[in-house]
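Worksheet: one structure, shown below.
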Amino acid sequence: MEPRFGDTAANVAHSLELIGRAADDGASLIVLPELANTGYVFETRAEAFALAETIPDGPTSRAWMDIAAARNLHIVAGITEREGDALFNSAVVIGPHGHIGTYRKTHLWAAENLFFEPGNNGFPVFQTSIGRIGVAICYDGWFPEVYRLQALQGADIVCVPTNWVPIPGQAEGREAMANILAMAAAHSNSLYIACADRIGTERGQPFEGQSVIIGYTGWPVAGPASRAGEEIVSAEVDLGAGRRARNWNDFNQVLRDRRTDLYAEMLGSEIPRGWY
């Protein structure tokens, strides 16, 4: 989708229209882009603060919770979050019965460092009725630790609200670098990854589009979408298949083959290991 900067009401209304269209086509898990309710290119912290909302009682969260309840959906969507005087680039995870949890972007990109606090809630994996859902946001995808820690907690799918931008050295017509990174992460962790990028140009910043859903083998199962036009990318997947297929042959299982005698199993974090 293409959010319009600062027009939160219109952005949310448009997101509800797109969510409804996806639900009409049978979607049960829907991912929206990064900061989908406000737009992305803030000029000052005060501007970001004025557009931010609390979760889950802000109007954007309430609107998404209402449609999730009405249409029996799970939604992962980027939102500008305010907690007290702190601002976060966040993604809200919503189910048919309301707010499930919130992920806060861990790795801030460029001028985001002027406006947002780095995420402070780690890499949660949310237990839902359709499967275990992890979340990453945009630049988080450049850090393989993000996907690995969620896979080790038993994630079936990682949903990625994102605002990808062109990368230096990218040849004309080449796929987004982020698509390649997400494909590698899906393959090396044997899990699904669903990336929802925005399109358009905002305050001079172009965005890449190319939303994609990647299977646990690392190959796209839907997309990449258009660079320029709004588009819904959908696929029917078995979220348990990635965990069942991690035994690649008689000898190799991608997570159990890790040399945890040489490096910490959970990468030195305090995150408890889940089932994998």
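The values are calculated or read from the model by the stated rules, or taken from the named source; none is laboratory data. The structure presented is a predicted model; accordingly, all values stated were derived computationally and were not measured. FYI the Cβ positions are ideal-geometry reconstructions off the backbone, even for glycines, and counts take in every protein chain you see. Side chains are part of the model used for accessible areas, which takes the heavy atoms of the whole protein and leaves out ligands, DNA and RNA. Shrake-Rupley method; radii C 1.70, N 1.55, O 1.52, S 1.80 Å.
Worth pointing out:
- Any hit, region 12-21, residues being open to solvent by 50 Å² or more (accessible area, probe 1.4 Å) and touching a strand residue (DSSP E or B) at 6+ places or on another chain (Cβ under 8 Å): no
- Matching option when the condition is hydroxyl-bearing (Ser, Thr, Tyr) and touching a Gly at 6+ places or on another chain (Cβ under 7 Å), among Tyr263, Tyr276: Tyr276
- Filter result for the condition that a residue is charged (D, E, K, R), outside any helix (DSSP H, G or I) and within 19 Å of Val160 (Cα to Cα), over Glu34, Glu43: Glu34
- Options Glu230, Glu208: the member that is open to solvent by 70 Å² or more (accessible area, probe 1.4 Å) and assigned to a loop (DSSP other than H, G, I, E, B): Glu230
- Filtering region 261-276 to residues that are open to solvent by 70 Å² or more (accessible area, probe 1.4 Å) and either touching a residue at least 12 places away in the same chain (Cβ under 8 Å) or under 21 Å from Gly122 (Cα atoms) (or both) leaves Tyr263, Leu267, Glu270, Pro272, Arg273, Trp275.
- Being among the basic types (Lys, Arg), within 14 Å of Ile157 (Cβ to Cβ) and either surrounded by 13 or more Cβ atoms within 10 Å (Cβ to Cβ) or modelled with pLDDT of 95 or more (or both) is a property that holds for Arg243.
- Restricting Ile232, Ile199 to those that are in contact with a helix residue (DSSP H, G or I) (Cβ under 9 Å, 6 or more places away or on another chain), β-branched (Val, Ile, Thr), over 25 Å from Phe123 (Cα atoms) and modelled with pLDDT of 95 or more reduces the list to Ile232.
- So Tyr216, is it touching a strand residue (DSSP E or B) at 6+ places or on another chain (Cβ under 7 Å), open to solvent by 20 Å² or more (accessible area, probe 1.4 Å), of a type in the set (Phe, Trp, Tyr) and at pLDDT 95 or above: yes
- Of the residues making up region 81-102, those that are surrounded by fewer than 23 Cβ atoms within 10 Å (Cβ to Cβ), free of Cβ contacts under 8 Å to residues at least 40 places away in the same chain and aliphatic (A, V, I, L, M) are Ala86, Ile100.
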